[in-house]
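Computed from the coordinates by the stated procedures, all read-outs in this text should not be read as laboratory data. Keep in mind the model is a prediction, meaning the values are calculated, not measured. Virtual Cβ from ideal backbone geometry, glycine too; neighbours counted across all protein chains shown.
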Amino acid sequence: MSDEEFIKEFNFVKDITESWKFPPENSSVALVVYADWAKTIPLNPDDNSFSVQLNEMEARTRVESKYRRMDLALTEAAGNFSGHSLQQQLVVLITAGRQFSGTEKDDDHDFLVSATEVLSSKNIKVVIVPVGLETDFRQLGLIVKRPQSLYPLDSFDDMTPDAAQNIASNIIKTIGKIISNHFLRSIFLFM
């Protein structure tokens, strides 16, 4: 992923969260940056340490990463949820490729199924934004079972504010109405 694509993806995430218009006290958002590892960064674009961490993670993925481990990102995201009963829990996976762990192909299948089972056991909703032509919809079908949970984009150029607003609106419709005293805790996963 180029620097330009990374910036487009980050701005797309910000646009989605801003489209939800939840008061800060009723929502929380974090990012999980992943490659052949996964790390959570609380989303706070106004905090200087957030920018520093995000830039470090982006540089690390470019220099060190050989693999794309969506399963590690999903597991990392699941570990960030408390399971509070008044809280809608959502993971938004943005991916421009397929799971690749460097092991046998069947292992990638098993890794994704295992990570998905962890999310399901915690009642965490998952939606996926596949970007480009290199995504593997068979793999993504292991993570989400409903086509309404997929929001494909042709390229990073399609990550516009209008697309973000449309996807944000459809995500809310998909996960159900959220009344004012409920919380939305969401985590965006991206490489």
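Kindly indicate whether Gly141 is more than 20 Å from Glu9 (Cα to Cα) and assigned to a loop (DSSP other than H, G, I, E, B).
no
Which of the residues spanning segment 129-146 are more than 11 Å from Leu112 (Cα to Cα) and either among the β-branched types (Val, Ile, Thr) or touching a Pro at 6+ places or on another chain (Cβ under 6 Å) (or both)?
Hits for segment 129-146 are Val129, Pro130, Val131, Thr135.
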